[in-house]
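Structure, as structure tokens:
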Amino acid sequence: QGLLARISDLLLCRWTCRNCCQKCFDCSCCQTNEDEVEILGPFPAQTPAWLISSQNEDKDGDSDNTISELPPTLQDVSPDRRRSSSDTSRSTYSLTRRISSLESRRPSSPLVDIKPIEFGIIGAKKEIVQPTILRKTYTPDDYFRKFEPRLYSLDSNSDDMDSLTDEEILSKYQLGMLHFSTQYDLLHNYLIVRVIEAKDLPPPISYDGSRQDMAHSNPYVKICLLPDQKNSKQTGVKRKTQNPVFEERYTFEIPFLEAQRRTLLLTVVDFDKFSRHCVIGKVSMPLSDVDLVKGGHWWKALVPSSQNEVELGELLLSLNYLPSAGRLNVDIIRAKQLLQTDMSQGSDPFVKIQLVHGLKLTKTKKTSCMRGTIDPFYNESFSFKVPQEELENASLVFTVYGHNVKSSNDFIGRIVIGQYSTGAPESNHWRRMLNTHRTAVEQWHSLRSRQDCDRVSPASLEAT
């Protein structure tokens, strides 16, 4: 009951008997009487002996206090019975007091202190973030007035073409019809597109819409598989007719599963030798909607195209600068889908390269002329002497012409690379070349019109 008892409590399990050093559930000295109160809670069904014995209190004092504090029913019994009951009641009441003391020392259920959540970084000032209160957003009266009604109106540009029949489209737009066929060759893994004919094409209209320029059009058809518009093909130009017969066949090497994910786009274009070619109309057909292996023929009504003018083509260039020799090397590799300048035999394109220092033209070179093609291969190299201190003020002007024997050469397209570049792709190509000396840098470029180049690049004004 003194220091040794406390040390033994620490060394032995709290449920181990001090007398026999056995488990209190197994030893005979710790068995309880049947008259004792059953304890419910975290204690075992058999009460340990150390809870029954009174600690550091006078037995006589406990006896008197116990008798005085007993209920009246226990005080009225006989002395002999009272003595036997007193022993049992003393131990039971002592156990009750001990349980009460333990309950008072047992921690109560935790209280959650709800405080604002604090977020912070070690070494930084903490900031208290209070929970926000959801409020109804305020919508001004003129909020919906900011929308442009024309973007949501049911005009010709926003109609769902799939909901209209070919007769309705033809009567609405009056752009004519196109006859074509498709079939996939499983043996050779390519798609066959046959452009047969067109009929009832509209006559050419001037840009201001006031009068007709000519009585007849000079139509041709461009074919591509969306979304790839770069690898397109085109038919020959049929002169002065609104009902052209093409009967031309083209193949696209593409896997069958990939072909089913593509959309066939046929664009009918009006050839104009003295200005940019104008788009008459287009036909688009998802190849997933047709049986490619079986194939078929279709008459489709032409619908308006958002692209009123045809692209001028693309040019593949390679640039390389040698700082030690002070030489700027230019490779003209190839071009594709150039604008057709000759109605009968396509084009005879060549490329002119001009070096401009600041705003002064210093050197001009040109490639050979490729006969009768709109997809020429050049693979020709040119070298210009440009000191490194003058490189940042240099510009290269690339102009594609169609050779014409009877008159001046036909302009096709132009780009400028260098100090006065004509766009972001050209500036990016020049920057890559400056950052990688002694290494050739290739890039495709889309040709631009003369007016576009002259508007953004002073070097284009100095070129001829």
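Observations on the structure shown:
- Here the accessible area of the range 313-462 is 47 percent carbon and sulfur, with a 1.4 angstrom probe and all protein chains present.
- For ARG261 and SER446, the difference between the fully extended length at 0.36 nm per residue and the C-alpha to C-alpha distance is 64.0 nm.
- Surface per residue (accessible, 1.4 Å probe) for the range 313-462, Å²: 44
- Under 5 Å, built H, 5+ apart or other chain: amide partners of PHE271: ASN218, TYR220
- Per DSSP, loop trypsin sites (Lys or Arg not before Pro) in the range 215-310 with at most 15 further Cβ within 10 Å: ARG239, LYS240, ARG261, LYS273, ARG276, LYS294
- Along its first, second and third principal axes, ordered by size, the range 313-462 spans 48, 30, 25 Å in Cα coordinates.
- Table column - 3J(HN,Hα) (Hz), the range 317-330, Karplus curve with 6.51, -1.76, 1.60, x for Gly and Pro: 10, 9, 10, 8, 10, 10, x, 5, 8, x, 10, 10, 9, 10
- Phi-based couplings in Hz for the range 250-256 (Karplus 6.51, -1.76, 1.60; Gly and Pro marked x): 10, 10, 10, 6, 8, x, 5
- Low-density loop positions, trypsin sites (Lys or Arg not before Pro), the range 358-443 - DSSP coil, at most 11 other Cβ in 10 Å: LYS406, ARG438
The values are calculated or read from the model by the stated rules, or taken from the named source; none is laboratory data. Here the structure is a predicted model, which means the values were calculated and not measured. Here Cβ is always computed from backbone atoms with ideal geometry, including for glycine, and neighbour counts include all displayed protein chains. For the accessible areas, the whole protein counts, side chains as well, though only heavy atoms, and no ligand, DNA or RNA atoms are used. Shrake-Rupley method; radii C 1.70, N 1.55, O 1.52, S 1.80 Å.
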